[in-house]
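Following: one structure in structure tokens, then a few remarks.
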Amino acid sequence: MKKVAIFASGTGSNAQKMMEFFKPGSPGSARAMVSLVVSNKSNAGVLEIARLHQIPVLVLDKEKFFRGNGYAEELKE
């Protein structure tokens, strides 16, 4: 099973379609699962949609993103 991370910073309408397509029991569930939603905005609507789908979220800090390995370890998890 492939794990997919969605990177979004807006309302999340496109991300929501992806979450619904890959949710357990749906047609896409045999292909992959959305395991993380990543945003650079702590107030992005997509984060609430992810929480409703019980998908973990990661809010990126721009400065950390550009330093060293940034969020490589968090994304590997």
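What the Cβ-Cβ distance of residue 73 and residue 51 gives, at R0 = 30 Å and to the nearest 0.05, is a FRET efficiency of 0.85. Mean residue ellipticity at 222 nm, helices only, the chain: -8500 deg cm²/dmol; runs of at least 4 DSSP H residues each add -39,500 (n - 2.57), and the sum is divided by the number of residues. Ranked from largest, the principal axis spans of the Cα set of the chain equal 39, 25, 16 Å.
Top mean-square fluctuation among 42, 13, 26, Gaussian network model of the chain, C-alpha springs under 10 Å? Among 42, 13, 26, the largest mean-square fluctuation in the Gaussian network model of the chain belongs to 26. Here the chain has 53 percent of its accessible surface on carbon and sulfur atoms, given a 1.4 Å probe and all protein chains in place.
Rounded to the nearest 20, the size of the Cβ-charge dipole of the chain about its Cα centre is 200 debye, with Lys and Arg at +1 and Asp and Glu at -1. The residues of the chain expose, per residue, 70 Å² of accessible area to a 1.4 Å probe. Exactly which trypsin sites (Lys or Arg not before Pro) in segment 1-50 are in a DSSP loop and have at most 14 other Cβ atoms within 10 Å? Sparse-neighbourhood loop trypsin sites (Lys or Arg not before Pro): 31, 41.
Distance between the 7 Å Cα→Cβ label points at residue 62 and residue 23: 3.4 nm.
The values are calculated or read from the model by the stated rules, or taken from the named source; none is laboratory data. Keep in mind it's a predicted model, so treat the numbers as computed, not measured. Please note: Cβ atoms are built from the backbone with ideal geometry, for glycine as well, and neighbour counts cover all protein chains shown. Just so you know, the surface numbers come from the protein's heavy atoms only, side chains and all, with ligands and any DNA or RNA stripped out. Shrake-Rupley method; radii C 1.70, N 1.55, O 1.52, S 1.80 Å.
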